[in-house]
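S.K.: Sharing a structure with you now.
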Amino acid sequence: MTILDVQHISKSFHQTEVLKDISFSLQQGQVLSIIGSSGSGKTTLLRCLNFLETPDRGVIRVKDETLFDADDPMTQKPSEIRRKRLHFGLVFQSFNLFPQYTAIENVMLARTLLEKGDPSYKSRKKQILEEIRSQAEGLMEQMGLTNRMNNYPHQLSGGQCQRVAIARALALQPDILCFDEPTSALDPELTGEVLKVIRGLAEKKTTMIIVTHEMAFARDVANHVIFMDDGRILEQGEPTEVFGNTKEERTRQFLARFQNEQI
Amino acid sequence: MELIMKQMPIVLHSLNLGFIQTLKLFILTLLGAFPLGLVIAFGSMSRVKLLRYPTRFIVWIIRGTPLMIQLLIVFYFPGLVLHNPIWGGGELGRFTASVVAFIINYACYFSEIYRGGIQSVPIGQEEAGLVLGMTKSQIFFRVKLLQMIKRIVPPMSNEVITLVKDTSLARIIGFQEIIWAGQKFMKGDQGISGAIWPLFFTALYYLIFNGVISMLLGKLEKKLDFFR
């Protein structure tokens, strides 16, 4: 089942066109890797999906609901955007954990605030809060952070921080979880633990979009790979196609730079 | 020395009364300038030019001119120029005028500290909150505010300590704070005249009070040390 359908997305900052007519779709439970050199528009694409940027043109549909249509102002009401965002989760390159909250509080905060808006919150407060805590504890366990739950972010390693950030995004049960270079800010020894967690999510059929420079990882974990260059999708297909049977010269050049990393 | 010991009870009583006035001005200024400063900070960061430029202009004027002149203008301008003496000539009028001038002056200084604090919180914090479906106000109060407070406590401490000493400027419009209370023994009051030591003695009040303030703010700074 198609869960995400992106049609003809374009985005310019001032005079620079950062995204040029991007179209792709994603099936439920599949993993999409987006690769390409810095400045090719990968991050901007993720930010458009998460409503941190507004595309100039194009349509974004999730599960047959039109979340965004540049030609239809009704889809761009600010009051609706908050709800629409919840279809997506986003894990940032720099974690962006909230420093004044412990690891588990980071995971619980957004859902707690969300539930507060529920009319029945007051009457079921205790039950709701217990539910949120047990969900958060489960996620921390899944991330292998049970003994780190009550630490503050500055007491955690980069890899641990990123795993907390993943748990925090998962707590809202997004339809699609996006990763923006999740290991780029980590020491090489720490990337492994984060990639392992993402692999685990892939095995559980979590729908994900991963922007990454880890080519081996992109190839192994993804069902579909997109190569972006200068704001365009230059090549896309199954990993074996893109990596093994590369069509475009530009893609070949890009991949060649990673050859010595043993793809 | 013996004379001073004899004068001491009278002088201390007077200085204590003056210090209470100083304290009242200090507390009311903080109570007014903390929130007003935040409003001005938001104004000076507003995306609306019609709000941003006038606000920054006012902050520029207030920070660029002496507080003493501002006190004089606030107190005398309504009566002498507008012929509408809103403050009256009594002690309450002088006090009110002082509070107004101090709040305006300190709010402008605080606004710059707030602005620095708000802008120093990384944009990623806001984006993380947005992506997690939080509202702008939830992000401000639940995510950014404490980080901002942590960053502004040290510069704010400086301003608060300066304020303690600046309250003495209200003497210029005859507000009967502690300097005024010490100075009156030079001319003569309650049988003591030609005594300058009470005026010097007021310094001790400022020193001790600022010691207490520094300690409290130091504790607050420590309290916020649990995160980075």
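S.K.: Ordered by residue, what ³J(HN,Hα) values in Hz, to whole numbers, does segment A:185-192 give under the Karplus form 6.51 cos²θ - 1.76 cosθ + 1.60, where θ = phi - 60° and Gly and Pro are x?
M.R.: With coefficients 6.51, -1.76 and 1.60, one gets 9, 9, 5, x, 5, 9, 5, x Hz.
S.K.: While we're on this one: Which residue, A:218, B:210, B:35, has the largest displacement toward the positive end of the dipole of the protein assembly as shown when charges sit on each Cβ (Lys, Arg +1; Asp, Glu -1)?
M.R.: It is B:210, whose Cα lies furthest towards the positive end.
S.K.: Springs between alpha-carbon atoms under 10 Å, Gaussian network over chain A: tell me which of A:45, A:19, A:156 tops the mean-square fluctuations.
M.R.: It is A:156.
S.K.: Treating only the Cβ atoms of Lys and Arg (+1) and Asp and Glu (-1) as charged, compute the dipole magnitude of chain A about its Cα centre; round to the nearest 20 debye.
M.R.: 860 debye
S.K.: What is the fewest-to-most order of A:95, A:24 by other Cβ atoms lying within 10 Å of their Cβ?
M.R.: A:24, A:95
S.K.: About its Cα centre, what dipole magnitude does segment B:109-184 give when the only charges are +1 on Lys and Arg Cβ and -1 on Asp and Glu Cβ, stated in debye to the nearest 20?
M.R.: Dipole about the Cα centre, nearest 20: 120 debye.
S.K.: Here's something else I'd like to know. Using modelled amide H (1.01 Å from N, peptide plane; none on Pro or chain starts), what sits under 5 Å from the amide H of residue A:207, excluding residues fewer than 5 places away?
M.R.: A:29, A:177
S.K.: Shifting gears a bit: Rg (Å, one decimal) plus Dmax (Å, integer) for the alpha carbons of segment A:105-221?
M.R.: Final numbers for Rg and Dmax: 15.4, 50 Å.
S.K.: Something else: Sum up the charges of everything whose Cβ sits under 13 Å from the Cβ of residue B:199, counting Lys and Arg as +1 and Asp and Glu as -1, but leave residue B:199 out.
M.R.: +1
S.K.: Another question, if that's okay. When only Cα pairs under 8 Å and 6 or more residues apart are kept, what is the percent relative contact order across chain B? Numbers along the way, then the final one.
M.R.: Values: 224 pairs, mean separation 60.1, N = 228.
Reported as a whole number, the value is 26 percent.
S.K.: While we're looking at this one, here's another question. Please identify the DSSP H helices in chain B that span no less than 30 Å along the helix axis (Cα) and have a mean Kyte-Doolittle hydropathy of 1.0 or more.
M.R.: TM-like helix candidates: B:2-45.
S.K.: Let me ask another. Could you check what % of the DSSP bridge pairs in chain A are antiparallel, to the nearest 5?
M.R.: Of those bridges, close to 60 percent are antiparallel.
S.K.: Please state the charge dipole magnitude for segment B:2-227, taken about the Cα centre, from unit charges on C-beta atoms (+1 on K and R, -1 on D and E), reported in debye and rounded to the nearest 20.
M.R.: Magnitude of the dipole: close to 540 debye.
S.K.: Taking the number of other C-beta atoms within 10 Å as the exposure measure, put A:130, A:238 in order starting with the fewest.
M.R.: With the fewest neighbours first, A:130, A:238 line up as A:130, A:238.
S.K.: Could you work out the mean projected area of the convex hull around the alpha carbons of segment B:176-228, in square nanometres to one decimal?
M.R.: Orientation-averaged projected area of the Cα hull: 4.5 nm².
S.K.: Now for a different question. Give me the Kirkwood hydrodynamic radius of segment B:2-227 in Å, from all C-alpha pairs, to one decimal place?
M.R.: 19.9 Å
S.K.: Add -39500 (n - 2.57) for each DSSP H run of 4 or more in the protein assembly as shown, then divide by its residues: what number comes out at 222 nm, to the nearest 500 deg cm²/dmol?
M.R.: Values: 16 runs with 260 residues, N = 491.
Theoretical 222 nm ellipticity from helices: -17500 deg cm²/dmol.
S.K.: May I pose another question? Kindly flag which residue pairs out of B:24/B:144; A:116/A:204; A:116/B:222; A:122/A:204; B:49/B:144 have an alpha-carbon separation exceeding 27 Å in this structure.
M.R.: From B:24/B:144; A:116/A:204; A:116/B:222; A:122/A:204; B:49/B:144, over 27 Å: B:24/B:144; A:116/A:204; A:116/B:222; A:122/A:204.
S.K.: Name the residue farthest towards the positive end of the dipole of segment B:1-148 from the options B:77, B:65, B:147, assuming +1 on Cβ of Lys and Arg, -1 on Cβ of Asp and Glu, about the Cα centre.
M.R.: B:147
A short reminder: the numbers here are calculations on the coordinates, not readings from a lab. Note that the coordinates shown come from a computational prediction; the quantities given were computed from them, not determined experimentally. Ideal geometry is used to build each Cβ from the backbone, glycine not excepted, and the neighbour counts take in all protein chains shown.
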